[in-house]
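Q: Have a look at this one before I ask anything.
The values are calculated or read from the model by the stated rules, or taken from the named source; none is laboratory data. Quick caveat, the model's predicted, so the values are computed rather than measured. Positions of Cβ are generated from backbone atoms using ideal geometry, with glycine treated the same way; all protein chains shown enter the neighbour counts. The accessibility values were calculated without ligands, DNA or RNA, using every heavy atom of the protein model including side chains. Shrake-Rupley method; radii C 1.70, N 1.55, O 1.52, S 1.80 Å.
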Amino acid sequence: MKADTILVIGANGQIGTALLPRLQTLYGEGAVIATDLRLPARQTGRFEILDATDAKGLAELVRRHGITQIYHLAAVLSAKGEADPLWAWNLNMQTLLNVLEVSRTEGVKKVFIPSSIAAFGEHAPQTDTPQNAYLDPATVYGISKAAGENWGQYYVKRYGLDVRSLRYPGIISYEALPGGGTTDYAVAIFHEAVQGRNYECFLAENTRLPMMYMDDALRATLELMEAPAGQLTVRTSYNLAGFSFTPAELTTAIRHHFPDFSVTYKPDFRQAIAESWPRSIDDSVARQDWGWKPAYDLNRMTYEMIANLTAVYGRTDKVVETFKV
Ligand code: SER
């Protein structure tokens, strides 16, 4: 067991919910302090209510527990942020700056801050978007991520704080729902399919986006955090890729398990957001620096999602048992 005390901010969110048990296994249940605005429906381990916009409350908690690592996972995502841009900016940036400042002043050793494919905009190449492509994000969420990456690097260079970051693609998971993102369709579609319902998709059928299964996203996060600092050449945020697909391709993969499943398309404002993002990501620097390699592709992810959600919803009749990874 490692001798660290870990703070997770935004522990009830899509990533936090799945990351928490991994951290508890790695560091011991008593060494992980989960926080969010509300208590979770099901609580395991240590949990405290924390509003990370409250710098004093955050500092008090970090001191009281002798926190040595912070995972800052609280954020307003791309689609939700567009409804109230200044609120989204304030929340995303205030929490980030509070985390960086408290880490500097209280001697926190390592900090993880997520960035996103949303940091890229129309002047980045959309195919195999390189690590150092131009960042001109189209959403307030993307602007906050691009700024956040640079703040992270600033704290590394100016104060020697060990800040690490990944540009997550859309993350697909069964543990907790994402909220307010543009890639959420790729999670919602499974919930409908597994319950025997059809799905109305808010993106057009040929909209290709980079995605990743949660298991890979968690492994990437933990591998990056474990990597020797000297190996890390990127201190803004690492490009990270799993696989890319369109809603039509995902539908085909799901129909392998549920042949009657069908999808209709009704693109809304999220279509323009999706079109401003990369279609695929070049993550060769992450592969080189700390050995990143994804394990899941579209079919393996689809199988895992259906198997796990089928258990959640109690339908065992329709999963194709012959699928081989
Ligand atoms: N999944 C996020 C979103 O759709 C992108 O980081 O907003």
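Q: Please go through region 56-97 and pick out each residue that is surrounded by 16 or more Cβ atoms within 10 Å (Cβ to Cβ) and among the charged types (D, E, K, R).
A: K80, E82
Q: Given T139, T127, which one is among the β-branched types (V, I, T) and either closer than 23 Å to T233 by Cβ or more than 13 Å from the ligand (Cβ to nearest atom) (or both)?
A: Values: T139 fails: either closer than 23 Å to T233 by Cβ or more than 13 Å from the ligand (Cβ to nearest atom) (or both).
Checking each option against the conditions leaves just T127.
Q: Can you give me the number of residues within region 259-308 that are small (G, A, S), within 16 Å of the ligand (Cβ to nearest atom) and within 25 Å of L232 (Cβ to Cβ)? Before you say what the answer is, go through the steps one by one.
A: As a first pass, look at region 259-308 and keep what is small (G, A, S): 262, 272, 274, 276, 280, 284, 286, 291, 295, 307.
Keeping just the survivors that are within 16 Å of the ligand (Cβ to nearest atom) gives 272, 274, 276, 280.
Next, from what is left, pick out any that are within 25 Å of L232 (Cβ to Cβ): 280.
So the count comes out to 1.
Q: Could you say whether any residue in region 121-139 is closer than 22 Å to Y213 by Cβ, within 17 Å of the chain's Cα centre (by Cα) and open to solvent by less than 10 Å² (accessible area, probe 1.4 Å)?
A: Within region 121-139, not a single residue is closer than 22 Å to Y213 by Cβ, within 17 Å of the chain's Cα centre (by Cα) and open to solvent by less than 10 Å² (accessible area, probe 1.4 Å).
Q: To continue, here is another question. Restricting attention to strands (runs of 3 or more DSSP E) lying wholly within region 115-189, give those where 1 or more residues are β-branched (V, I, T) and in contact (Cβ under 8 Å) with a residue 12 or more places away in the chain.
A: Working: elements: 162-164, 166-168, 170-172.
Strands (runs of 3 or more DSSP E) meeting the threshold: 162-164, 170-172.
Q: Pick from region 161-189 the residues that are closer than 17 Å to L218 by Cβ, more than 7 Å from the ligand (Cβ to nearest atom) and hydroxyl-bearing (S, T, Y): which of them is surrounded by the fewest Cβ atoms within 10 Å (Cβ to Cβ)?
A: If we take residues in region 161-189 being closer than 17 Å to L218 by Cβ, more than 7 Å from the ligand (Cβ to nearest atom) and hydroxyl-bearing (S, T, Y), then Y174 is surrounded by the fewest Cβ atoms within 10 Å (Cβ to Cβ).
Q: Determine which single condition A74 fails, assuming it passes every other condition in (1) under 19 Å from D36 (Cβ atoms); (2) touching a residue at least 24 places away in the same chain (Cβ under 8 Å); (3) more than 18 Å from the chain's Cα centre (by Cα).
A: (3)
Q: Filter region 98-114 for residues that are open to solvent by 50 Å² or more (accessible area, probe 1.4 Å) and part of a helix (DSSP H, G or I); which is nearest to R64 (Cα to Cα)?
A: T105
Q: If you don't mind, another one. Do you know which of the residues in region 224-259 that are farther than 26 Å from A124 by Cα and part of a loop (DSSP other than H, G, I, E, B) is farthest from the chain's Cα centre (by Cα)?
A: P259
Q: Listed residues T53, T17, T35, T44; which is open to solvent by 10 Å² or more (accessible area, probe 1.4 Å), β-branched (V, I, T), closer than 30 Å to A146 by Cβ and outside any helix (DSSP H, G or I)?
A: Unique residue meeting the criteria: T53.
Q: Please find, among A217, A311, the residue that is away from the ligand (no atom under 16 Å from the Cβ) and part of a helix (DSSP H, G or I).
A: Numbers: A217 fails: away from the ligand (no atom under 16 Å from the Cβ).
Checking each option against the conditions leaves just A311.
Q: In region 268-286, what residues are open to solvent by 50 Å² or more (accessible area, probe 1.4 Å), part of a loop (DSSP other than H, G, I, E, B) and either touching a Leu at 6+ places or on another chain (Cβ under 6 Å) or of a type in the set (K, R) (or both)? Give the derivation first.
A: Of region 268-286, the ones open to solvent by 50 Å² or more (accessible area, probe 1.4 Å) are 268-270, 272, 275, 279, 282, 284.
Okay, now just the ones that are also part of a loop (DSSP other than H, G, I, E, B), so 268-269, 279, 282.
If the condition is that a residue be open to solvent by 50 Å² or more (accessible area, probe 1.4 Å), part of a loop (DSSP other than H, G, I, E, B) and either touching a Leu at 6+ places or on another chain (Cβ under 6 Å) or of a type in the set (K, R) (or both), then R279 is the only one that fits.
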